[in-house]
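Report on the structure given below.
The values are calculated or read from the model by the stated rules, or taken from the named source; none is laboratory data. Keep in mind that what you see is a predicted model, and the values were worked out from it rather than measured. So basically every Cβ, Gly included, is an ideal-geometry build from the backbone, and we count neighbours across all protein chains shown.
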Amino acid sequence: MIIALLSDLHANLEAVQACLRHSTERGAERFAFLGDLVGYGADPEAVVDIVADHVARGAIVVQGNHDAAVTNGAGGLNDAAAESLEWTRDALSPSRRAFLASLPLIVRENDICFVHATADAPERWAYIETNGAARQSIEAAGTTYTFGGHVHQQVLYFHTRTGKVAPFHPIAASPVPVPSHRRWHAIVGSVGQPRDGNPAAAYALFDTASEEMTFFRVAYDHIATAAKIRRASLPEWLAARLENGI
Amino acid sequence: MADRVAPGSVIDGFVVGRHLHSGAMGNIFEVTRPGLDTPMIMKVPRMGPNEPSEGMISFETEATIVPALSSPHLPHFIAAGDLARTPYLVVEWIDGMSLEEALGSGPFPPLEAARVGAALADALHSLHEQEAIHLDLKPANIILKKDGTVALIDFGFAHHTRFPDLLAEETRFGAGSKAYVSPEQIQGTREDPRSDLFSLGVILYEMVTGRFPFGEPDADVRNRLWLDPAPPAVLVPETPPWLQEIILRCLEPRAERRYQSAAHVAFDLRNPEQVVLTARARKSRRLGIMQHARRFLHARRELDVRLRQGSVPAGRPPIIMVAVDTAHPDDERQGAIQRATQQILSLSQEFRVVCVSVIRSVPLMDGALPSETASGIHFEHLVRLRHWVEPLRMPVQRISLHAIESENPAEALLEFANRNHVDLIVLGAPGPTRPDRSWWRSVASTVTANAQCSVHVVRVAERGTARP
């Protein structure tokens, strides 16, 4: 079965639609949304509805720090993120806010762990920026595969034989073997707000049968999305960020 | 499972035959499969609680990378077993003699070493073009095929850009074979294709002199960071200066001072007259003790810095071949081709330019004047090429000039481009109204249709033609 892994959607409707279409064309049968459905972008309602619709049909979803902040306040966010939080909260209906509040922090299914940040302390929203952090998360997950986001860059961490963990920076659209005798932690990149200088949306596919992962970059009309952010009177830098992918 | 692999057993339809080799990584058997005529071998890793894990990691590395490769210089992948249950790898058997075996009867004459070295550089170029680095290049892993080309085998230490590097954090056995391993590998870098060019330098040195530049395999491997090897011509006086230049340039401890691509090494080994000779070519003794001490201290400082920062390998500098018609130096196309070349060169400092003029075969004759002799005519065209290239103001190391004799310019250009791994061909477009230059038309279209690389066809706007 092919699972589509989408993280850090950030209320970017055009990017979410582009990635869903792209993954469906490539045979995705199951969807996992790895948190941060909202925040930064101008379409929180539409994006929450799309995710809720997929969840009703069996998709997996976990909560991200931006989703939690809608209910819990800006405590878990940096200043920049807090700027758009109020706008997002006002834009969401009570039922959609309740949906975001109800999301689990971590989901384990068979030999896969789904989590927004790290499996060792999902509620602390730590960033995986070192091999050691990846290793802690892999070991706490206890599963062969851990899939997450939070860090807006695509990285695949893997266990070596001697118990160390090493990073691999995948090349878009190039399948990577992820055999199940090792343990893997994939950070699938951000659908709604890429930050590596490439404005194209990022997501990944996992093929459980062939034990392969493919990371993708999907072009969408990010200029139009940036214009929406400006029209919504969200901070200007959020629009510029989408235009430049930084 | 793997322990039960023995002559006579059948695995996924492959009938195991003769046991061929037993190495640190595992066993190799001949295999056959009903319905398949190809001669094949099966590699099976050693497994079990007492086996070192490096054998398994190397096996996994090879089983990941080999299926992604495709070239006459590399083993053709046939099948692989499931790693967790039935690990095996079946590849096509490459017929030939290993370079190790060939070197058993002593070093090669210098020109034969250059020929084999060029074939080896071709194989490396093909590997590097596929985003892989061998990292364990040594004579035992090099097969000399009957057609004069070379194939590489054993990818247990290799690196491929598109796959996780399973050996990346395994510094214990991340480096290749001691006599051949590059300085970067000792420093923990596995992402630099120029590491293979260092090993190629060691192999060239060994082929010419019968010795290792940095001593026997049990020497301290870090010596190549500072040790100045004895110049090949000191050991084998008939070593031509150009070959010593190539070998010592491959052996530079700092990757940025080496050749930057295998294609360039192959080019120089095949075009000795184009090798720019530096102090390396003239070296007739090793550095003195004081200079050695300085290099040693410098290397130690640098190793510290490298280990903290890591190194950044450069991309492969592309080779641009410009076809220049030196028989018609005043043709208006010349200026246009020159301007186009200049524009291309302005894009990057990295390009290498190869200017080629195809001249008609000169009958061997002894004229009274130099301009009437074969070598005199040849030289005259080289002078015109040098004149043509002069306005480009390129450093001499990045330019080479060739006058090729042939009755078929298109074929000669194509053969030269393919043999020298050219990345871009620049040549003039045929004009529509010049019957006397009709050969331009056939040359440009034949080259464009049959080149293995991109072709830039430079067109000159026709003057005086009325446009609607």
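Listing for the model above:
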| item | result |
| --- | --- |
| Selected residue (only one of B:201, B:215, B:188 is on the phi > 0 side of the Ramachandran plot and away from every other protein chain (no Cβ under 14 Å)) | B:215 |
| Leading residue by the ranking (nearest to residue A:3 (Cα to Cα)) among those in segment A:175-186 that are in a loop (DSSP other than H, G, I, E, B) and in contact with a Ser or Thr (Cβ under 7 Å, 6 or more places away or on another chain) | A:175 |
| Which numbered condition residue B:118 misses (of (1) within 14 Å of chain A (Cβ to nearest Cβ); (2) modelled with pLDDT of 95 or more) | (1) |
| Close pairs from segment B:221-246: first under 26 Å from residue B:299 (Cα atoms), partner part of a loop (DSSP other than H, G, I, E, B) and among the polar types (S, T, N, Q), Cβ under 7 Å, at least 6 apart | B:231/B:284; B:232/B:239; B:233/B:239; B:233/B:284; B:234/B:284; B:245/B:278 |
| Criterion (assigned to a helix (DSSP H, G or I), more than 14 Å from chain B (Cβ to nearest Cβ) and not polar (S, T, N, Q)) met by exactly one of A:123, A:129 | A:123 |
| Single match in A:115, A:188, A:176 (criterion: more than 13 Å from the chain's Cα centre (by Cα) and either at pLDDT 95 or above or of a type in the set (Lys, Arg) (or both)) | A:176 |
| Tabulated pairs, segment B:336-356, first assigned to a helix (DSSP H, G or I), second of a type in the set (Lys, Arg), C-beta under 8 angstrom, 6+ apart or interchain | B:336/B:459 |
| Qualifying positions in segment B:372-403 - under 23 Å from the mean Cα position of the chain (by Cα) and not in a helix (DSSP H, G or I) | B:395, B:399, B:400, B:401, B:402 |
| In segment A:132-153, residue nearest to the other protein chains (Cβ to nearest Cβ) [restricted to those that are of a type in the set (Val, Ile, Thr) and in a loop (DSSP other than H, G, I, E, B)] | A:144 |
| Single residue of segment B:83-98 satisfying the filter (out of contact with any Pro (no Cβ under 6 Å at 6 or more places or on another chain) and modelled with pLDDT under 85) that is nearest to the other protein chains (Cβ to nearest Cβ) | B:84 |
| 2 or more residues modelled with pLDDT under 95: qualifying helices (runs of 4 or more DSSP H) within segment A:1-107 | A:65-72, A:79-91 |
| Residue among B:94, B:78 that alone is out of contact with any helix residue (DSSP H, G or I) (no Cβ under 8 Å at 6 or more places or on another chain), in a loop (DSSP other than H, G, I, E, B) and free of Cβ contacts under 8 Å to residues at least 60 places away in the same chain | B:94 |
| Those residues of segment A:1-34 which are of a type in the set (Val, Ile, Thr) and farther than 14 Å from residue A:149 by Cβ, in sequence order | A:2, A:3, A:24 |
| Considering residues of segment A:154-179 that are in contact with a His (Cβ under 8 Å, 6 or more places away or on another chain) and within 20 Å of residue A:197 (Cα to Cα) only, the residue nearest to the other protein chains (Cβ to nearest Cβ) | A:156 |
| Flag if residue B:137 is within 14 Å of chain A (Cβ to nearest Cβ), buried (at least 24 other Cβ atoms within 10 Å of the Cβ) and under 30 Å from residue A:178 (Cβ atoms) | no |
| Selection within segment A:180-191 - more than 10 Å from chain B (Cβ to nearest Cβ) and either crowded, with 24+ Cβ neighbours inside 10 Å or among the acidic types (Asp, Glu) (or both) | A:185, A:186, A:187, A:188, A:189, A:190, A:191 |
| Every residue from segment A:71-115 that is at negative phi and of a type in the set (S, T, N, Q) | A:71, A:72, A:78, A:84, A:88, A:93, A:95, A:102 |
| Subset tally (residues that are exposed (fewer than 15 other Cβ atoms within 10 Å of the Cβ) and in a strand (DSSP E or B)) for segment B:1-31 | 6 |
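Per-residue answers, yes or no, for (1) out of contact with any Ser or Thr (no Cβ under 8 Å at 6 or more places or on another chain); (2) crowded, with 18+ Cβ neighbours inside 10 Å; (3) assigned to a loop (DSSP other than H, G, I, E, B):
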residue	(1), (2), (3)
A:193	yes, yes, yes
A:196	yes, no, yes
A:205	no, yes, no
A:213	yes, yes, no
A:223	yes, no, no
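Matching residues to (1) of a type outside the set (D, E, K, R); (2) surrounded by 15 or more Cβ atoms within 10 Å (Cβ to Cβ); (3) in contact with a Lys or Arg (Cβ under 6 Å, 6 or more places away or on another chain):
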site: B:256; (1), (2), (3): no, no, no
site: B:263; (1), (2), (3): yes, yes, no
site: B:267; (1), (2), (3): yes, yes, no
site: B:273; (1), (2), (3): no, no, no
site: B:290; (1), (2), (3): yes, no, no
site: B:293; (1), (2), (3): yes, no, no
site: B:298; (1), (2), (3): yes, no, no
